[in-house]
Amino acid sequence: MSTPVRARAARKSPAERSAEIAAAARDLALEQGLAAVTLRSIAARAGVAPALVAHYQPNMDALVASTFGTIVAAEIAEVEELLDALPGPRERLGALLDTLLEGSRDDVTVVWVEAWALGRRSEALAASVREQMDAWQRVVQDVIEQGAAESGFEAADASAVAWQLLGMIDGLNAQALVRWGDAGARGSMIHRAVEGMLGLPRGALGRR
């Protein structure tokens, strides 16, 4: 019985091959979670031999960590672009809550949840998680600080409020992954809670 022969991968520059492997890892993480980012799965997605992946990415922990960082950094950039187009802190905070809780980003939520778990045994991933958590906190803190200066937000410690708010968002999104409670009500629940935290009247943050 003949043995199937793997087609030789097309010759590409090192930069092209590295980008191809990174893209394969990112796509796998978004489709199947970080646990799916393995040497063999990346090779299969990219259509190359596992040895070639190992040549360009000899440390899989580092690749998983960089894949996580790439995914989250892209989401942050997308959200920041959305917020920059809005007129004031109330609109920005309302839009931030809506876009993070509407359910369209559940693929990224899965990546976050797995990263927190897998990061216990991978310092490279844990470091990337901490870095991206800090980046998200800065985004939220900036909006809170703007609101305190311009829109009547009651927030003596914007950093602490941002930390609390991110914890609420992460918790609700994680619960929604297993369809606990009314996932569709995530946005309205947190709007009311955040308005109360910031001393704002009901409906001040609006809904998109």
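Every number here is computed from the coordinates shown, using simple stated rules; none is lab data. This structure is a prediction, so every number in the text was calculated from the model and none was measured. Here the Cβ positions follow ideal geometry from the backbone for every residue, glycine too, while neighbour counts run over all protein chains shown.
Based on C-alpha pairs under 8 angstrom that are at least 6 apart in sequence, the stretch 41-154 has a relative contact order of 33 percent.
When only the Cβ of Lys, Arg, Asp and Glu is charged (+1, +1, -1, -1), the dipole of the stretch 12-58 relative to its Cα centre reaches about 100 debye. Summarising the label geometry, the points placed 7 Å from Cα in the beta-carbon direction at Leu82 and Gln137 lie 2.3 nm from one another.
Inverting the pair-averaged 1/r between distinct Cα atoms of the chain gives 18.9 Å as its Kirkwood hydrodynamic radius.
Taking the stretch 114-160, which trypsin sites (Lys or Arg not before Pro) meet the DSSP loop condition and have no more than 10 other C-beta atoms within 10 Å?
Loop-located and lightly packed - Arg120, Arg121.
If the label point is 7 Å along Cα→Cβ of Arg120, which residues in the stretch 159-183 have backbone nitrogen under 19 Å from it? The answer is 171, 174-175, 178. Model label points for Met189 and Thr38, set 7 angstrom from Cα along the Cα-to-Cβ axis, are 3.5 nm apart.
Taking every C-alpha pair closer than 8 Å and separated by at least 6 residues, the mean separation divided by the residue count of the chain gives a relative contact order of 21 percent. Between Trp180 and Arg202, the modelled labels are 2.8 nm apart [label points 7 Å from Cα along Cα→Cβ].
Computed extension gain for Glu102 through Glu150, at 0.36 nm per residue and net of the alpha carbon distance, reaches 14.6 nm.
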